[in-house]
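Novice: Here you go, one structure.
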Amino acid sequence: MPFFCSELRLISHRWLTRLGGAVVIAGVCSLWPLGMAAETATTTATNSIQIAKLTRTNIVDFAKEVLPIFRKSCLPCHNASDAKGSLVMENPVALLKGGETGPALVPGKAHESLMLKLAARLEKPFMPPKNNKADAQPLTPDELGLMQLWINQGATGAVSNILPPIVWQPLPKELASINAVTITADGRFAACNRGNQVHIYDIPTAQFLTRLADPELAKSGLYKDMEVADRDVIESLAFSPDGQLLASGGFRSIKLWRKKLNDPLPLLTTNATTSGRLLAISLDGRWAASVTTNHHIQLHDAQSGLVVRTLNGHTGEVRQVKFSPNSTLLASLAQDNTLRVWNFSNTNALVTNQVSSDSRVLTWLGENQQIATAGKVIEIWSASPSTNTLPLQKIAGHTKPITAIAGTSGENPQLVSGDEEGIIKLWDAKKGEPRREWKLGSSVTAIAIHSEQHRVAAASAQSFKLFDTEKGDPIAEPKGDVTLTAQASQQDRDLIFAKAEVDFQKTTVDSADKSQKAEAEALKKVTEIKDKTTKASAEKKEATEKAGAVRSNVENQLKTTQSFLKVANDNKSLADKLNEAAKADLNRANDRQGQAKELLARAQEKRDAAYKSVQEAAVAKAADTETTIDRATIAKNALDANHSLKAIADKEVSEAKERLKIAADNLTTAGNAATPISSQVADNENKLKSAEKTLAEATEAQKKADDATQLADRNLQSTTTVSKNAEETLVRNKTNLVAAEAKQKDQESKSTAARDRSNKATHPPRSLAFLSGGHLLAVGTEDGLILTFSATTGDPVEIRTVPINGPKPTPVMEISPLGEYRIAVIRAGQSTLSLGFDNQWVLERTLGTGDDQSSIVDRVLTVAFSHDGTKLASGGGAPSRSGEIKLWQVADGKLLRDFKDPHSDTVYTLRFSYDDQFLASGGADKFGRTFDVATGKQIKSFEGHTHHVLGIAWKQDGRSLATSGADKVVKVWDVPSGEQRKTISDFGKEVTSIQFLDASNEFIASSGDQKIRQVRDNGENVRTMEAEGDFVQSAAVTPDGRYVVAGGQNGTLRLFDAPKAKLLHSFTAPKPETPKVAAK
């Protein structure tokens, strides 16, 4: 987990700036809004920053002088990869081009350049804004003056792609904040960073083991007085699943460190002791003692095997020899009932004492001053020459012969003894008084004591126990094989998971079965509805067709009657016209008749007048009588003509009246004919309206029926699909259940076999010794192994196989401590070996070059091994610009895949799914994501956090994912759907890391609120571990949930017994060591 602080900074908004070749960390990301929709610019004199007036005449260098200001305040938000408001500020050309609001500057006219106005607080919005996320401060007057001068000079310049080489400066020794912690799956080792150092701890013994040292850094001279793993702060750590590799992420590089066991070193070969048997090795590793068949003792140079001196004197079989604690004297006990003390300068014994005849074992007491021998009684002798040949003290208390004895050095030595009955007694050697007594259960074959650790270890032929000498309590009775026990525990967890999977699959089958039945029933109902709606639709269609036919018939009838009515109306109209014409004719005939009558009357008057004139003329016999007669004749003719005209007019009137009568009759007839037709038309129109209404209703009913049918059809199709899917899901779930049950059965067999192997594994102890540091207990076995245990708790540490020379292992007869982490092993009839237990970690490989040519763009903020240990994923990126995920092959360091644009900002966390098919990531862009490992393709994105995603964890079933964030919450996600299941918000500060336990719905989450919590994925808090006074930045847990390690800003690594929520140890930073230059 990268360095993270709630108040000070977020790693994704830190930038690595190279000024003058030195590496400097600076806050960044001022939000320049050029090219963005901004507020109306207003002059604010009270908030403005004075712009310094520079008097220099030389040209301002953009790359060397202006660009560093932009790097500090602008580029994280206005770069080619992430151009806010489409504005890029990486070079003058881009600035002149500007963004959405136009150019950022006007060359030669600084006072008109928007970027200067905003930076100087002359216009709003001010840049950088107050309380910006990168804590970028306003530009200084000198910086503004430099910008102004550069613009006024024409805003020219270019940026070279060739960066100056990085010149590294040593980090301070005092940099102790822990950014990352990790722990091996077996709970053996824990590691943490402090600055650029990596410290490794042995968990069973709670001891600091070593710090990682890159030999090339020691050779470089950069660090002359301390061992370091990297040049820069280490941000991430991860152990491989087998615990043999440790990956550390630094700046543009990843280092892989391999655990290296110290090779056994031969001390004395079999050939050197062919004449006898080897019995002892001195504590300083310089001397070895062997016994010949003729009872002589040979003193060897342990390194060369050469016999330095032969010690003669014993006349019986030498039963035991022991070197003094300071390796200057040798004590021997023989069957001739003598105890002899030898120095190495001559062949004669320095001291010879007669011991009890049943004495079988001896030990040194104090500082080379006394020796204790034991049969049934313990006798204490002076190791210095004296005339007194009697024991200084006799201690009785055992009822059976003492078979093993051990003593301590110092002014107040202690003595522990064990007998054939399995009784163990702890004595005050000075006073001869018993202090403690324990029962082993069977004859004691080996015994050891360490006064500083207050521990006694005693072995029988089949087992051994560890006791607390201060409290008197038995501490542990380790049994079995630690490796097989761990394997069995893993198999048991796998079985728990397999059973959980079966239960889950049963649940899915039950659910799928219910769903399938429900869908089948639904399909049946929907089918019935479909049949009903189809039938109803057909009926409604038939009704609509009938209504349509009725309407059509009525419409035809209406058309017919309308045509009849039209004819009748036409006839009526014609009759009316004829009637009117007849009336007009009659009127004209009457007019002509009247005119004829009037003309006739005038003609009669004229005739009468003419006749009268004729008469008068005749009477008068006038001369013009003839003329008058002519006029009378004309008048008479005119009257006759008028009579004819009147007759014609009378006839016309008569005929006109006749025609009028006919026309009137015709009009009456036509009117009488139109009336019933009109009534019939009205009736047909009403019938048509009714038919149309019926048709409309039928049509609407048919539409509804058709819609219902279509809906039923869609429902049928949908339900059929759902039902089919339900059937397929049921089949698939049943198949999965069968597979899960098969896996469970197989896992039960594996678990049973592993447990049987573990239970049956016996390594009968033959010898034991505390290493001089007192933290480790080494036990030699009959089958040639060296088992080591924590002297404090009795927890197993490791098993070492001693190389054999013959066809099968031989018993480890004797173990002699040679220092804090080394022992000498004496085997029956074979060579003596020196074994070291100070596990070393050597740099095996570096991924990335650590410089500008590196394939890694910036700091490696997270590393994660695949569960099969073959792949390593790394994450990081350029802060505020891009996220980076790379996949490496562990065996040879080959880059397998570079994930394309996985995040838009730095990647903080990575985890492989348990089956290694998927990779989960979280980053500063507030997203969690999953990727297909084989293709690099993104599978899902998980959006919901309001701040950086700092941790991510898979549940073993692969169906759930948990993310932790700087927004003080943990979110639990459903992986298949990408939906959020739960938000857990019981955290006071940033949740910096998260990890699920194996075969469990519980996870460990660390937080800046000084707590490490064990939480269920439903949000229920199981237990809380306190890291008082510390902002916890990283935590790790063993898969079985036994141990949790956590570290944070105060540099203390804490080890917890997780089930008890108990703090076991707090490890502060170890003192620096002088570097040792070594080859890779």
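The values are calculated or read from the model by the stated rules, or taken from the named source; none is laboratory data. On a predicted model such as this, the values are computed, not experimentally measured, just so you know. FYI the Cβ positions are ideal-geometry reconstructions off the backbone, even for glycines, and counts take in every protein chain you see.
Novice: If you go through region 426-451 one residue at a time, how many are more than 57 Å from the chain's Cα centre (by Cα) and either at negative phi or surrounded by 17 or more Cβ atoms within 10 Å (Cβ to Cβ) (or both)?
Specialist: Residues flagged as more than 57 Å from the chain's Cα centre (by Cα) and either at negative phi or surrounded by 17 or more Cβ atoms within 10 Å (Cβ to Cβ) (or both) within region 426-451 amount to 8.
Novice: Looking only at region 716-765, which residues are farther than 30 Å from I529 by Cβ and hydroxyl-bearing (S, T, Y)?
Specialist: Within region 716-765, T735, S749, S751, T752, S758, T762 qualify.
Novice: Another question about this same structure. Only one of (1) at pLDDT 95 or above; (2) surrounded by 24 or more Cβ atoms within 10 Å (Cβ to Cβ); (3) within 30 Å of A791 (Cβ to Cβ) is not met by A247, so which one is it?
Specialist: (3)
Novice: Quick check: anything in region 471-482 at pLDDT 90 or above, in contact with a strand residue (DSSP E or B) (Cβ under 8 Å, 6 or more places away or on another chain), farther than 30 Å from L716 by Cβ and of a type in the set (V, I, T)?
Specialist: Taking every residue of region 471-482 in turn, at least one turns out to be at pLDDT 90 or above, in contact with a strand residue (DSSP E or B) (Cβ under 8 Å, 6 or more places away or on another chain), farther than 30 Å from L716 by Cβ and of a type in the set (V, I, T).
Novice: Could you tell me whether region 545-559 includes any residue that is surrounded by 14 or more Cβ atoms within 10 Å (Cβ to Cβ), out of contact with any strand residue (DSSP E or B) (no Cβ under 9 Å at 6 or more places or on another chain) and either hydroxyl-bearing (S, T, Y) or within 30 Å of V653 (Cα to Cα) (or both)?
Specialist: No, region 545-559 contains no residue that is surrounded by 14 or more Cβ atoms within 10 Å (Cβ to Cβ), out of contact with any strand residue (DSSP E or B) (no Cβ under 9 Å at 6 or more places or on another chain) and either hydroxyl-bearing (S, T, Y) or within 30 Å of V653 (Cα to Cα) (or both).
Novice: Enumerate the pairs (first residue in region 66-84 and within 21 Å of G102 (Cα to Cα) and among the small types (G, A, S); second residue anywhere and at pLDDT 75 or above and part of a loop (DSSP other than H, G, I, E, B)) with beta-carbon separation below 7 Å, excluding pairs fewer than 6 apart on the same chain, so at least 6 apart or on different chains.
Specialist: S73/P128; S73/L139; A80/V88; A80/E90; S81/R881; S81/S882
Novice: Could you tell me which numbered condition Q491 fails, if it satisfies all but one of (1) closer than 30 Å to D756 by Cβ; (2) in a loop (DSSP other than H, G, I, E, B)?
Specialist: Exception for Q491: condition (2).
Novice: Sort out which residues of region 97-134 are of a type in the set (A, V, I, L, M, F, W, C) and more than 42 Å from the chain's Cα centre (by Cα), and write them in order of number.
Specialist: Scanning region 97-134 gives L105, V106, A110, L114, L116, A120, L122.
Novice: Quick one: in region 760-770, which of the residues that are modelled with pLDDT under 90 and of a type outside the set (K, R) is nearest to S489 (Cα to Cα)? Spell out how you get there, then give the answer.
Specialist: Just the residues of region 760-770 that are modelled with pLDDT under 90, to begin with: 760-762.
Among the residues that remain, those that are also of a type outside the set (K, R) are: 761-762.
On the way: A761: 14, T762: 17 Å.
Here the answer is A761.
Novice: Here is a further query. Run down S977, S960, S985, S993 and say which single residue is under 12 Å from the mean Cα position of the chain (by Cα), without any contact (Cβ under 8 Å) to a residue 60 or more places away in the chain and in the same structural domain as A185 (by TED's automatic domain parsing). Working first, answer last.
Specialist: On the way: S977 fails: under 12 Å from the mean Cα position of the chain (by Cα); S985 fails: under 12 Å from the mean Cα position of the chain (by Cα); S993 fails: without any contact (Cβ under 8 Å) to a residue 60 or more places away in the chain.
Only one candidate qualifies: S960.
Novice: Going by the conditions given, is L847 buried (at least 24 other Cβ atoms within 10 Å of the Cβ), over 21 Å from the mean Cα position of the chain (by Cα), farther than 26 Å from E798 by Cα and in contact (Cβ under 8 Å) with a residue 60 or more places away in the chain? Break it down stepwise before answering.
Specialist: Working: buried (at least 24 other Cβ atoms within 10 Å of the Cβ): yes; over 21 Å from the mean Cα position of the chain (by Cα): yes; farther than 26 Å from E798 by Cα: yes; in contact (Cβ under 8 Å) with a residue 60 or more places away in the chain: yes.
Taking the combined requirement at face value, the residue satisfies it.
Novice: Follow-up question, since we're still on this one. Mind telling me which of the residues L600, L639 ends up being of a type in the set (A, V, I, L, M) and touching a His at 6+ places or on another chain (Cβ under 9 Å)?
Specialist: On the way: L639 fails: touching a His at 6+ places or on another chain (Cβ under 9 Å).
Every option except L600 fails the conditions.
Novice: Taking region 494-503 as the region of interest, how many residues are touching a helix residue (DSSP H, G or I) at 6+ places or on another chain (Cβ under 8 Å) and surrounded by fewer than 18 Cβ atoms within 10 Å (Cβ to Cβ)?
Specialist: Counting residues in region 494-503 that are touching a helix residue (DSSP H, G or I) at 6+ places or on another chain (Cβ under 8 Å) and surrounded by fewer than 18 Cβ atoms within 10 Å (Cβ to Cβ) gives 1.
Novice: Give region 230-244 a look and list any residue that's modelled with pLDDT of 95 or more, assigned to a loop (DSSP other than H, G, I, E, B) and not acidic (D, E), or say none.
Specialist: Answer for region 230-244, where residues must be modelled with pLDDT of 95 or more, assigned to a loop (DSSP other than H, G, I, E, B) and not acidic (D, E): V233, I234, S240, P241, G243, Q244.
Novice: Take the residues in region 332-346 that are hydroxyl-bearing (S, T, Y) and touching a His at 6+ places or on another chain (Cβ under 9 Å); name whichever of them is surrounded by the most Cβ atoms within 10 Å (Cβ to Cβ).
Specialist: We begin by selecting, within region 332-346, every residue hydroxyl-bearing (S, T, Y); these are 332, 338, 345.
Pick out the ones that are also touching a His at 6+ places or on another chain (Cβ under 9 Å) and you get 332, 338.
Values: S332: 25, T338: 20.
Out of the qualifying residues, it is S332.
Novice: Do you know which of the residues in region 1017-1057 that are in contact with a Lys or Arg (Cβ under 6 Å, 6 or more places away or on another chain) and surrounded by 21 or more Cβ atoms within 10 Å (Cβ to Cβ) is nearest to W973 (Cα to Cα)?
Specialist: The residue in question is A1046.
Novice: Out of (1) under 15 Å from I1004 (Cα atoms); (2) touching a residue at least 12 places away in the same chain (Cβ under 8 Å), the odd one out for T1052 is which?
Specialist: Of everything listed in (1) under 15 Å from I1004 (Cα atoms); (2) touching a residue at least 12 places away in the same chain (Cβ under 8 Å), T1052 misses just condition (1).
Novice: A further question follows. Before we move on, is G187 free of Cβ contacts under 8 Å to residues at least 40 places away in the same chain and closer than 30 Å to Q995 by Cα? If you could, list the steps in order and put the result at the bottom.
Specialist: Numbers: free of Cβ contacts under 8 Å to residues at least 40 places away in the same chain: no; closer than 30 Å to Q995 by Cα: yes.
Answer is no for this residue.
Novice: Going residue by residue through region 1028-1035, is there one that turns out to be hydroxyl-bearing (S, T, Y), under 26 Å from E943 (Cα atoms) and part of a strand (DSSP E or B)? Give the steps one after another, and end with the answer.
Specialist: Within region 1028-1035, the first condition is being hydroxyl-bearing (S, T, Y), and the residues that meet it are 1034.
Among the residues that remain, those that are also under 26 Å from E943 (Cα atoms) are: 1034.
Filter once more, so that each one left must be part of a strand (DSSP E or B): 1034.
Checked region 1028-1035: at least one residue is hydroxyl-bearing (S, T, Y), under 26 Å from E943 (Cα atoms) and part of a strand (DSSP E or B).
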